[in-house]
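The values are calculated or read from the model by the stated rules, or taken from the named source; none is laboratory data. Please read all numbers here as calculations on a predicted model, not as lab measurements. FYI the Cβ positions are ideal-geometry reconstructions off the backbone, even for glycines, and counts take in every protein chain you see.
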Amino acid sequence: MTIPISADYIAEMERLNALNKNVYVDAIKNRKHLTWEGPSFVQKKAAFDQRKVTFKREWLSTLGILQSIQQQLCDYRPSWVGADVPAAWQVDQFLLRTTTTTLVTACINPLRIITGVTSATRKLRKKLS
């Protein structure tokens, strides 16, 4: 069924729109209960707070991993590194060297960067396990 768009039809639609113009707004103002936003609504403040909590959890987890490496690295200290060198510095240099080795190896063989497995990673996993 088709409705021909005529001047009378347009005038009728404009009249109906004018009658319904503020009906919805007035109905919302007269509500006694809060509007249910559906099962997927998220409060903005809660989402921001959740991001802070997630960041803090990841940060503390990373610090825990670094401390674990620091404790284990003392047992594997190279002979050329003096005993007076702080363990945190050793961890920093260890991670820098491991990351550099991984990136260089990955540039040589792009498949390894996709899989995330290199010989340095395997050695590190063996030492840590």
### Task
Starting from region 49-69, take each residue that is closer than 14 Å to Ala87 by Cβ and list its partners that are small (Gly, Ala, Ser) and surrounded by 10 or more Cβ atoms within 10 Å (Cβ to Cβ), counting only C-beta distances under 9 angstrom and pairs at least six apart or across chains.
Leu66/Ala88
### Query
Applying the selection to region 36-66, what residues are within 26 Å of Lys123 (Cβ to Cβ) and modelled with pLDDT under 85?
Leu66
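Look at Val81 and say whether it is under 39 Å from the mean Cα position of the chain (by Cα), at pLDDT below 80 and of a type in the set (Val, Ile, Thr).
Details: under 39 Å from the mean Cα position of the chain (by Cα): yes; at pLDDT below 80: yes; of a type in the set (Val, Ile, Thr): yes.
Considered against the rule, which asks whether it is under 39 Å from the mean Cα position of the chain (by Cα), at pLDDT below 80 and of a type in the set (Val, Ile, Thr), Val81 comes out as yes.
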